[in-house]
Amino acid sequence: MKSDKYIIYSISNSPFQEWQADLLDYSFEKVKQPGRLIRLCSEDGKYPKRKTPLSKAGLTICTPDFSKFTSKIQWPVMNKAGSLQYLFKKYIFHDEDTLIFLDPDMIFIKIWDPEVKMGCAFGQKWKGYSPNYCQKTSVQPELCPANDDECLMYPFAIKAGDMKNLVEDIEYFARKGYLKCNDWMADMSAFVTAMVKGKIRMETKENIGLCNNWNNNDDEAAPIMHYCRPIKDRSGKIIWGKWRYQPWKLPPDLSQTTNKVDREVLRMLQKFILSKKQGPATHNTSFNKMV
């Protein structure tokens, strides 16, 4: 049976995440990344009547809002784990399909076409991982890897048959982990510990999805850039950041940046803005595999 490849990311239905998703979609098309793109879009209580931002490069699947635990406890990151579980209830994958997971604040600058086998996940090494952090944010701390060589983060690739068996544990570990420690990134520990529990071997590499504060932020081989942190000039002044950005203003000049991650992010953003002035393209976004 022929297997397919999917690139999957999740957002909340908010202006802040819509522009990031559109930039990721643009980069996906710009580099001609193999695979079908799926945007998971969760409802957002702050924007109850907002129109769903549909992907122009792939399929958009709308999901409920999973972030609200109680009237006083809300964790937006829970939408990542919740929408993933929802996806497997609504979309039909073959076990041999390859799923590539990204965060919305990532862009492709070149093709990433990993080969993975059943029982294995391959992705970016969780740089900065510590067993202590994992144990603090986990409800089953005994599952925490001993070091970052055995520990991945987004972006990563895995077979659909393996992920199907993990989604319930990922959702449970994320929800309970956040309630345990109130830590924004508790979902990272949830993904890792669920893989350990599911006996998924994690293979990692340091240069798949780079952040600008890492010691390899100029690595030429990296296919994906992750702009989770603000961009600074040589004096240390913040010149751009996703939290302050108002779409679609042109970004600062690339000459002010200090590393490849920042240059590539601003370059892609600039290209996208200029392309929008030329008018939209037409895309076929129907996969016909919804339940």
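The values are calculated or read from the model by the stated rules, or taken from the named source; none is laboratory data. Treat the numbers as computed from the prediction; the structure is a model and nothing was measured. Every residue, glycine among them, receives a Cβ derived from its backbone with ideal geometry; neighbour counts consider all protein chains shown. Side chains included, ligands, DNA and RNA excluded: accessible areas come from the protein's heavy atoms. Shrake-Rupley method; radii C 1.70, N 1.55, O 1.52, S 1.80 Å.
Worth pointing out:
- With the highest mean first, a sort of the peptides 164-176, 8-20, 105-117 on other beta-carbon atoms found within 10 angstrom per residue produces 8-20, 164-176, 105-117.
- Extended-chain gain in nm, criterion 0.36 nm per residue less alpha-carbon gap, R36 and I239: 69.7 nm
- Comparing Cα centroids, region 158-226 and region 26-101 end up 16 angstrom apart.
- Per-residue ellipticity at 222 nm, computed for the chain from helices alone with -39500 (n - 2.57) per DSSP H run of at least four residues, works out to -9000 deg cm²/dmol.
- Overall form of the chain per C-alpha gyration tensor (a/c, 1.5; a/b vs b/c): rounded
- Here's the picture: charge each Lys and Arg Cβ at +1 and each Asp and Glu Cβ at -1 in region 82-160, and of P145, W126, G82 the one pushed furthest to the positive end of that dipole is G82.
- F28 accessible area, 1.4 Å probe, all protein chains in place, Å² to nearest 10: 20
- Segment R50-K127, extension gain: residue separation times 0.36 nm, minus the distance between their alpha carbons: 24.1 nm
- Taking the chain as a whole, the Cys residues whose C-beta sits 4.7 Å or farther from every other Cys C-beta are C41, C62, C120, C151, C181, C211, C228.
- Taking all protein chains into account, the per residue accessible area for the chain stands at 48 Å² (1.4 Å probe).
- Under the combined filter of DSSP loop state and at most 10 neighbouring Cβ atoms within 10 Å, region 1-98 retains these trypsin sites (Lys or Arg not before Pro): K2, K32, K49, K51, K72.
- A simple spin-label model places pseudo-atoms 7 Å from Cα toward Cβ; at E115 and Q135 they are separated by 3.9 nm.
- List M185, M195, ordered by accessible area with a 1.4 Å probe, largest first: M185, M195
- Extension gain from E206 to K89, taking 0.36 nm per residue of separation minus the Cα-Cα distance: 38.8 nm
- Normalised by the number of residues in region 65-193, the mean separation of alpha-carbon contacts (under 8 Å, six or more apart) gives a relative contact order of 31 percent.
- Summing Cβ point charges (Lys, Arg +1; Asp, Glu -1) relative to the Cα centre of the chain gives a dipole of roughly 960 debye.
- Across the chain, the mean sequence separation of Cα contacts (distance under 8 Å, 6 or more residues apart), normalised by length, yields a relative contact order of 19 percent.
- Rolling a 1.4 angstrom probe over region 183-247 with all protein chains present gives an accessible area of which 49% lies on carbon and sulfur atoms.
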